[in-house]
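The values are calculated or read from the model by the stated rules, or taken from the named source; none is laboratory data. All values derive from a computational prediction rather than experimental measurement. Virtual Cβ from ideal backbone geometry, glycine too; neighbours counted across all protein chains shown. Ligands, DNA and RNA are excluded from the accessible area calculation, which covers all protein heavy atoms including side chains. Shrake-Rupley method; radii C 1.70, N 1.55, O 1.52, S 1.80 Å.
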Amino acid sequence: MPPLPAPVGELTIWPYQARFRQAAQAIAEGIFEVLDEELDSNVLLVGIPLPQPGAEATAACLEPADCGLDFRHFRDVLARGQHFQRTEPWPLPDRDHMTTEMAARRHQALGLRRAMQEALDTLDTPTGRHQSFAGWPIRIGGYYVMTVLQLNRKALRLHPSLRPNRFYTDGRPLAASLITAAIFRFHEECVKSLTEPEPGSGLLVRPRETEELVRAAGKLLMDTPAQALGMSPATAKLFTTCNTISSLRYEGAEGVGKLLLARRRHPNLEEVFALTCPTPLTDYRAVRKLLEMTTADVSLLADGENVYALGRQIGPYDATREDLFLVNFVTHYAWEFQHDGKVLMRSHYGLPSLPRTRLNRSKFRKDLKRIFTLTDPVKVERLWDVVLEASRQKHGTLVVVTTEALAEADRLKLQCTLIEPVPLTPLITRLITAIDGAVLVDPESYCYSIGVILDGKASGNGTSTRGARYNSAIRYVESSPYPCMAIVVSEDGLVDVITKDSNREE
């Protein structure tokens, strides 16, 4: 192949390509910042030129042109994609339902996307900062245009995942993690926009809201256990099922318990007793009632469609089988999806999230430095030990760090329990966070009052999907005239560090 010419200036495939990339970047930031702000998403566009008879070879188009990639890296993508198309069998079993032309286009697109991913994998070294994911190629003018999503490699590795490169029975890829599912949903959104007239013009298509896309990713992830259990993911709807069950109360009590998902007679399951008539998972109230019988080691057993017994997990489980999953109903409207002891997804009021480290030490230190100009390593470490111990409180708690803890304790003395100022240790922290209400602490780790009922004006930054503890912390931090921060530990295990800056960013 003759060498491609260097591009002159910035190539433009269509007038709105820069605006389209900016819109795609905003969608990616919305999705992946909700999941983990450390994922640091970045979106590029790569245009692979189609050969034009009798015309000079055209360079690949990159948007933005200064993205740090060299257009020459993609010179062989089209030829490589054609190679995959010629040499690899049709991967999708539904070819018989397509016309010959449709099947050829689909096969060509599959080969081209694989070739693009191969080129990106070559560029993404194991020690590199980003890992790149190629989208589906869409023809615009004389180019095949693909979105490329880049995520922070280190942050990706922190989150557990199932085995990659598994597929639905119709050949589509299965999501191995919530992040993978979100990547699929992001690319689907981009494809939908790229197929519209003049994508990026901003007049024809309004992208879905971030929460809607994250929910769609959660639904997609729950297709994976459905597939493993031999069910049709389209009819299983496990995500909706688990959300509905978790939202129900039984005689006023929250739903707490476990549901093991596996085929009946799985070698790692032992039935305590079986139901004569299995209860459909879609009989939500009946399943919620059965959940009352579960204990720490006895769970409901379900095959994805019906609850058929109560039982327990036994023996060593071969995690490579990926055919035994756990749904842990944590509290009201909150549940976790687990495999082999690892939490793959949490759902709170129907919104999926990744299991987070209970506190980010580096970010906490930066917050202390920014808010209180606190840099003394001894004082920082002492305060870190306090909030780390508070984050282990099973029933949730709230710690407020403020420069005016003594004055605030006096101001709120009618709605708190005053104590003699005491430097907090992990033991004292464990004792005072066992009761309701906030704990007022100064940056020196001295505590002045416990069981505090916080006040503050509504700021518009609260959310109805979180409890009173979280929303009262936001109101207090927003209203306080003093430097302060709040550490909110929820009953479902979430830990939020609330500052005025973080509220403005939201």
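What the table shows:
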quantity	calculated
13, 314, ranked by accessible area, largest first (probe 1.4 Å)	314, 13
Accessible area of residue 397 in the full protein assembly, 1.4 Å probe (Å², nearest 10)	0
Peptides 176-184, 228-236 ordered by average Cβ neighbours within 10 Å, highest first	176-184, 228-236
Cα-based helix-to-principal-axis angle, 178-194 vs the chain, degrees rounded to 10	50
Entries in 366/500; 363/394; 237/258; 413/500 that, when Cα-Cα distance is taken, lie over 20 Å	363/394; 413/500
Approximate spin-label separation residue 22-residue 501, in nm, with each point projected 7 Å along Cα-to-Cβ	2.6
Degrees between helix 361-372 axis and first principal axis of the chain (Cα, 0 to 90, nearest 10)	60
Cβ crowding within 10 Å averaged over residues, with 21-28, 218-225, 413-420 ranked highest first	218-225, 21-28, 413-420
Residues residue 86 and residue 415, FRET efficiency given R0 of 51 Å [Cβ-Cβ distance, rounded to 0.05]	0.10
Tilt relative to the chain, helix 100-123 - C-alpha long axis, 0 to 90 degrees, to 10	60
P(r), alpha carbons of the chain - 10 Å bins starting at zero, rounded %	3, 16, 22, 22, 19, 12, 4, 1, 0
Accessible-area composition of the range 224-311, carbon plus sulfur, in percent [1.4 Å probe]	50
Accessible area expressed per residue, the range 11-142, with surrounding protein chains retained (probe 1.4 Å, Å²)	53
Å² of accessible area per residue within the range 346-438, as computed with a 1.4 Å probe and no ligands counted	54
